[in-house]
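What follows draws every value from the coordinates through simple rules; no lab data is involved. Because the structure is a prediction, the values reported are computed rather than measured. FYI the Cβ positions are ideal-geometry reconstructions off the backbone, even for glycines, and counts take in every protein chain you see.
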Amino acid sequence: MFKTLLRLKGNYCLFFRLQKIPIHTMTYRTILPVAVLATFLFNACSHAEKKTEDPKVRTVNDDKKDSLLLVYNPAKGDRWIADFVQNLHKKYGFNGNMLVAKDGKILYEKAIGWADYLHRDSLKISSEFELASITKTFTGVAIMQLVEQGKIKLDDNVKKFYPNFPYEGITVKLLLSHRSGMMNYVYFTDGIWKDKRKPMSNTDVMDLIAQYKPARYAAPDTRFHYNNSNFMVLGAIIEKVTGKKYADYMMANVFKPAGMKHTHVYSTTVYPKIPVDVVGHDRTWRYSVVQNFLDGPVGDKGVYSTVHDLVLYDNALKKGRLLKKASLDSAYTGHNKPVNGHFNYGYGWRMFDGDNGRKVVYHTGWWHGFRHIYVRDLDKNIVIVFLGNLTNGSLLHLDDLYKHLGVPVIRKGAYTGTGSMPGSDED
């Protein structure tokens, strides 16, 4: 028996559970060492099982803990924030859902305005919004997961995954930090994609890039140039490396582990009509923005979610459910020249680096009638979410809210002003 255990090495726990010794064959000389060995193996097995717990595997207890994060009593909501949001709606036209949480408690939440103005459908706090460029934070998480697994290296060239990719020197790291120098596919495909009724996929865009070789905006790693091509290519790489659709990978490895039950990836390549009730609108309510062929590619956009699920996303990141601390630290590190000495872009996250190590990570979103801001003050444990479906400038007026919460404000427009909106150049 002991020789067998030695041969089993790392499998001794399984052996211990399965091995059976007939009682009638045991003597005092065998019972004592077996009892000692059994005690040792039981403790060793228990220790091994604790070490191999996978944080991505959710339990009923996890769901119960998460549900406590979403408890909100309107009667006890922060009245200052309530008045602020009402003024933002009346004076600046904010239409959408918002939520502010601190230390795991919702201070205030509100659904205000129309989900679909044409049909006069009102928003609900559970309404799902196209997150636009907030999607990039999820794509960054997925890429860093694959880096942790050794399936991708940050210095891997795009040509490793797509040999026909026409540009030299563009790596995964440069895509994550918007330093690839690529042209934005949203612009150059408009004159190439003939049938605008047919949606493009990520693979289609990669094929068009290989075929037409659009001129680059800049040489790789020479400057920051925010554009959707970077994260569209990352979405394509995720699909190539995993052999799964971007939507399927995100559901299994990000949304489910985070407990985000109301978050999905929707692409017009799969859904002729995106199955959500919230519609994007122009700034004057004159028309609803309908999906088109550009709503096919994902990774740069395409994630739909709720204000509550974004609280759970924040929690999952902080609890290490999605990435190891070293990976998060890398993602939250600026990889470009700072703007105003404080603002930067990491791996899928915008950030503010304040004095004494103060760190705020955030992302904006702006796409087809949707305009958002998602702010996470890591030091003060504050989450601020504004999801809007009316493309006016209301989210440029949040500075007083940030100040009320103690979130750093060093410029007008704080986290949504000039120099931090999608499409801007910050070098």
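Testing the spin-label approximation: label points 7 Å from Cα along Cα→Cβ at residue 292 and residue 116. State their distance in nm.
According to this spin-label approximation, the distance is 2.1 nm.
What ranking, highest mean first, results for peptides 138-147, 101-110 when packing means the other Cβ atoms within 10 Å averaged over each residue?
For the peptides 138-147, 101-110, the packing ranking is 138-147, 101-110.
Using a simple spin-label model with points 7 Å from Cα along the Cα→Cβ vector, what separation in nm is obtained for residue 262 and residue 248?
With each label placed 7 Å out from Cα toward Cβ, I get 2.8 nm.
Roughly how many debye, to the nearest 20, is the charge dipole of region 60-405 about its Cα centre, given +1 on each Lys and Arg Cβ, -1 on each Asp and Glu Cβ, and no other charges?
160 debye
For residue 326 and residue 80, compute 0.36 nm times the residue count separating them, minus their Cα-Cα distance, and round to one decimal in nm.
84.8 nm
Expected output is a single nm value to one decimal: the length gained when fully extending between residue 218 and residue 240, i.e. 0.36 nm times separation in residues minus the C-alpha distance. What is it?
Fully extending the segment from residue 218 to residue 240 adds 5.3 nm.
Nothing charged except the Cβ atoms of Lys and Arg (+1) and of Asp and Glu (-1): what's the magnitude of the dipole of region 264-398 about its Cα centre? Round to the nearest 20 debye.
Around 180 debye, computed over region 264-398.
Could you grab the Rg to Rh ratio for region 354-415? Cα atoms only, Kirkwood for Rh.
Result: Rg/Rh = 0.98.
Based on the Cα atoms of region 60-405, what semi-axes does the equivalent ellipsoid have, where each is the square root of 5 times one gyration tensor eigenvalue, given in whole Å with the largest first?
Over the Cα atoms of region 60-405, the ellipsoid semi-axes are 31, 24, 19 Å.
Checking the cross-link filter: which aspartates and glutamates have an alpha carbon closer than 12 Å to that of residue 273, excluding same-chain neighbours under 8 positions apart?
Counting by Cα, and skipping residues close in sequence, residue 273 has these aspartates and glutamates nearby: 295.
Measuring from label point to label point, each 7 Å out along Cα→Cβ, what is the residue 356 to residue 404 span in nm?
Rounded to a tenth, the inter-label distance reads 2.5 nm.
P(r) tail for region 261-367, what percent of Cα pairs lie past 15 Å?
I get 74 percent for the Cα pairs in region 261-367 exceeding 15 Å.
Report, ordered by chain and residue number, the lysines lying within cross-link reach of residue 90, taken as a straight Cα distance under 16 Å and ignoring same-chain residues fewer than 8 apart.
Result set, ordered by chain and number: 110.
Can you give me the relative contact order of region 60-405 as a percent, contacts being Cα pairs under 8 Å and 6 or more apart?
RCO, region 60-405: 25 percent.
Once the piece of chain linking residue 60 and residue 273 is laid out straight, how much longer is it, given 0.36 nm per residue of separation minus the C-alpha distance between them?
Separation in residues times 0.36 nm, less the Cα-Cα distance, equals 73.3 nm.
Return a whole-number percent for the relative contact order of region 131-242, with Cα pairs under 8 Å and 6 or more residues apart as the contact set.
36 percent
Quick check on region 97-254: what does the Kirkwood estimate of hydrodynamic radius come out to from the alpha carbon pairs, in Å?
Mean inverse Cα-Cα distance, inverted, gives 17.8 Å.
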